[in-house]
Amino acid sequence: MNFLLSYNWLKEFAALKITPENFAREFSRQAFSVERIHEMSRGLENVVVGKIVHIKAHPNADKLRIAITDVGPHKLEIVCGGVNLAVGMRVAAAQVGARVRWHGEGALTELAPAEIRGVKSEGMICGANELSVGGKSLFEVFPHLEKEILDLSWIQAAPGTPLAIALGLDDVVFDLEITSNRPDGMSVMGLAREAAAIFGVKFNDKNFTAGAGVSRPADHSVRGRRSGYPEPARQFTVEVQDKKLCGRYLGAMIENVTVQESSWLIKRRLWLAGVRPINNIVDITNYVMLETGQPMHAFDADKVSLSKAPHLNPRIIVRRARATETIKALDGKNYTLGNEMLVIADAKNPIAIAGIMGGEETGVTWDTKRIIFEAATFDPVSVRRTARALNLYSDSQLRFEKGLSTEAPPVAMARAVALAGELETADAGVSRIRDRFVRDRGTGHPEPARSIITAMRDIRARPYKPAVFPLVWSDIPTAIGIDEKKWKPAQSKKVLAALGFKIKGSGNRVKVLAPWWRDSDIGSSRDFVEEVARLYGYYNLPSRLPSGEIPPRPTGSALTFEDDIRRALAAYGWDEIFTYSLISKGALAAVGFVPEQAFKLLNPLTADLEYLRPSLIPSALLVVKENEKNFPTRFVFEVSNIYKMLGAGDLPREESWVIGCVWDASTADSASAVGADVSRAENGALFRQAKGALEALLKKIGVVYHFERYQGHDLWHPGRTLSIESDRDHLGTLGELHPDITERFGIEGRVAIFNFSVTAALRARLQIPAYEPPPPYPPVKRDIAFIVGERYEYSRLADFIRGFDPLISEVMLFDVYRGRNVGDGKKSLAFHLVYSSPERTLKAEEVDIVHKNLEAALQAQFAAELR
């Protein structure tokens, strides 16, 4: 999980005074890894706030004007075509040396003095789309019409103020990797707690304590007493029907809401965190989620009804969905629900998918006047299963499925209610913070009604009990390997207290209470030891080499056999690949499997990882597809498990298999024709390469085997496939894939494969291969090439040559040719022959005699024509 953290936001909760670089280094060593540091002011160098003090007509262009712009120490004459340019306007003035993106297009360009239609321009007045901050365009948060410039009149900064400072973008954003067991780290407050403990500063919770101002008995309500409301405050009811899946539900109704843009502070922080600002109400829920770690949602209260009568009070029901119920979510898509899914409903329909996404029908719009804030705790397994089943994901779901405490909702609700009570107004397209109670006091404008909380509901499934575990202080230094004399219990107590743990008891044995924000990851007293170790610093722990001898790996085991296979293929120059054991339905179908032949997961991560693979072939072909363009020719292999179905309701059987795969993208032109003989692929080169590697491998690992003709399967090329057999088992298959199969995967060239069972090969192993010394006497090498009819198979010819004379020790085929000067129905084969004797050095004359006799025998036996 990744989280983008504003350093300025963090410092509101922990008074840090160290540089961002030092923070990143120490925080990575003791808490969460900082993957990158983004300096948000980068990109705004030499861009300042300017004020238009005078506008002159351009003498040579009707659509251009000359803006006299105050940039602090001096005034600049800048030629500008912005249609909204006006005297008194504050603008983004880019001076010479600034980097801008002309009209929002193309790459960044360094600004230089220029003459535009005969008039010298000393800078540029920018639109938001022409400025970039940390690689992001300002247009994302300051959208404007084409040919307009960025209007910054709402900013009170003096002319000449660097734009980064004026916009509060003199900030650093850390990209952190948060471990999945620490959902508290997915929030500014959670990270601030960690930072305060690591750097020894005080954590400022801003009074967002559990229950502060919001925790009230269930069904307790607060009515507004202020006059001037357009109509009486209303109540709402909450009913939690499934308390197993909803541990706590907290709701608050807010009246007199004005939906508009958020303040720049909120918009900026959301934007820097990677969240798109929408409106002030939705932004509050996202802001609170980022700040506290607790997801929230806002309903339009006037669209949540008890019955068909719209004047009745809204009713919230937390229940399981009914089979085939549907909901149109905020992403605009319709989802069909199952009865195992938890939903938030009114009296008629689901209005939100619990913990994942709200419904469009009750979403907040610009016309919303009453809202219901929701802060709840949902079962993490239920949220995860629902998200996978619907293929619907969100920032809320990401947090809920990691497990959140039932004590988090009051903290989030307190913050949301406080922000709602200070809803801000928009000015010149950008929101400005208003007075807490009244805006424009004394100007004669009517005082608008203030947003107010009118009802609160808080329903728990059960009372909260913090996690408590025993701890022996003296166990800590022993467990982490430091000297007990140098590490006292008081030091461990200080570390745990800084992290929010509470100690009960005295002496060596105590009880430790975990803080509520660590409910999901503290599971035993060993976790306390880990907390002390990481804040002590893993890098400070003593380093010791292990003592004693490392036990040797047993020989003859299946694991050793797999290693032998890996080493052999790697020595032949093949690259090992590692693929997922899970695969998609489409990939299975492409190689001829039906869904019933593979084990389907009930809760797959994605549709591409839905089935346990019954074969390594589809996984290997996906690798070929992804790599073919970058690596036109490659030899790869994998030793991994497949999963074979046994019977309905049974778990699949795991089996270890080997696959070797060779491809050649240069054969793409002929890949669609099985019978052509116009290319290297059609000449069977890939098949022979795969066969040669397989034969060398099986010989190396001592497997006794033989080849047989392969009987029919549309997966394989009809003329280049063999079955690998032993006396006891079918080991596997060697062959070139049928062009139809490679085409289904989008592979352009030919592919040859061998795959066999490791278990079956181990049973066929004659003996563990032993070292063979090189021949004591030098061999004599000869080549022989001849033309024979197509009906004579390679194996028959090779066996004949190999058995012709005891002096022939090796026979290696190195070329096959069909085509011109050979004749129809014939082929030319060329072999390397090695003659040797274990007893003496051979003479050339005796080798020549055997070689000539072999040539004569081939002519007589196979009607061979010598070349």
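The values are calculated or read from the model by the stated rules, or taken from the named source; none is laboratory data. All of these numbers come straight from a predicted model, not from anything done at the bench. Positions of Cβ are generated from backbone atoms using ideal geometry, with glycine treated the same way; all protein chains shown enter the neighbour counts. Accessible surface areas use protein heavy atoms only, side chains included; no ligands, DNA or RNA. Shrake-Rupley method; radii C 1.70, N 1.55, O 1.52, S 1.80 Å.
Pairs exceeding 19 Å between alpha-carbon atoms, taken from LYS202/LYS488; LYS267/LYS402; LYS244/LYS402; LYS244/LYS465; LYS699/LYS827; LYS243/LYS303: LYS202/LYS488; LYS267/LYS402; LYS699/LYS827; LYS243/LYS303.
Leaving ligands, DNA and RNA out of it, rank PHE400, PHE599 by accessible area with a 1.4 Å probe, largest first. Mind showing how you got there, number by number?
Working: PHE400 10, PHE599 55 Å².
Reading off the accessible areas and sorting them downward yields PHE599, PHE400.
Remark: relative contact order (the range 338-407) = 31 percent; criterion is Cα-Cα distance under 8 angstrom and separation of 6 or more residues. Here the label points at LEU265 and THR478, each 7 Å from Cα along the C-beta direction, are separated by 5.2 nm in the simple model. Our compactness index for the range 719-773, the C-alpha radius of gyration over the empirical 2.2 N^0.38 Å, is 1.54.
Packing-based ranking of 404-417, 777-790 yields 404-417, 777-790, ordered from highest to lowest mean Cβ neighbour count within 10 Å. Once the Cβ-Cβ distance between SER795 and ASN603 is put in as r, and R0 is 56 Å, what FRET efficiency do you end up with, to the nearest 0.05? It comes to 0.70.
How big is Rg to Rh over the range 819-867, alpha-carbon atoms, Rh as the Kirkwood inverse-mean-distance radius? Don't jump to the answer; show the numbers that get you there.
Working: Rg = 14.4 Å, Rh = 13.1 Å.
My calculation of the ratio gives 1.10.
Tell me, what is the FRET efficiency for ARG653 and GLU695 to the nearest 0.05, using R0 = 35 angstrom and their Cβ-Cβ distance as r? Numbers along the way, then the final one.
Working: r = 29 Å, r/R0 = 0.83.
Working from the Cβ atoms, E equals 0.75.
Extending 7 Å from the Cα toward the beta-carbon at both LYS494 and SER543 defines two label points whose distance is 2.7 nm. Note on the range 690-815: Rg/Rh from Cα positions, Kirkwood definition for Rh, rounded to two decimals, is 1.01.
Taking 0.36 nm per residue of separation and subtracting the current Cα-Cα distance, fully stretching the chain between TYR771 and ASP331 would add 151.8 nm. Looking at the range 706-759, the trypsin sites (Lys or Arg not before Pro) that sit in a DSSP loop and have at most 11 other Cβ atoms within 10 Å of their own Cβ are ARG728. Diffusion coefficient of the range 784-867 by Stokes-Einstein, Kirkwood radius over Cα pairs, 4 °C, 1.567 mPa s: 96 µm²/s.
When you count the other C-beta atoms within 10 angstrom of each residue and take the mean per peptide, 603-609, 264-270, 366-372 line up highest first as 264-270, 366-372, 603-609.
Local charge for GLU531 was computed over the other residues whose Cβ lies under 15 Å away, with Lys and Arg +1 and Asp and Glu -1, and equals +2.
Scoring 376-385, 50-59 by mean Cβ neighbours within 10 Å over their residues and listing the highest first yields 376-385, 50-59. As a ratio to 2.2 N^0.38 Å, the alpha-carbon radius of gyration computed for the range 21-162 takes the value 1.20. Stretching ALA157 away from PHE631 to a fully extended chain increases their span by 165.0 nm, per 0.36 nm per residue minus the current alpha-carbon distance. For TYR835, the solvent-accessible surface with a 1.4 Å probe is about 0 Å², rounded to the nearest 10.
Over the chain, Cα pairs under 8 Å with separation of 6+ residues give a relative contact order of 9 percent. Expressed as a whole percent, how much of the Cα-Cα distance distribution for the range 252-358 exceeds 16 Å? Here the long-distance tail beyond 16 Å is 65 percent of all Cα pairs in the range 252-358. A full extension of the chain between ALA112 and GLU21 corresponds to an added length of 29.5 nm, given 0.36 nm per residue minus the alpha carbon distance.
Taking the Kirkwood radius as Rh and the Cα radius of gyration as Rg, the chain has a ratio of Rg/Rh equal to 1.10.
Pairs of Cα atoms nearer than 8 Å and 6+ residues apart set the relative contact order; for the range 83-192 it is 24 percent. For GluC sites (Glu not before Pro), the sites in the range 112-216 that DSSP calls loop and that have at most 11 other Cβ atoms within 10 Å are GLU146.
For the range 583-656, the average shadow cast by the Cα convex hull is 5.6 nm², which is a quarter of the hull's surface. For ASN821, put the label point 7 Å out on the Cα→Cβ axis and report which residues of the range 844-867 keep their amide N under 14 Å from it. So the set is 866-867.
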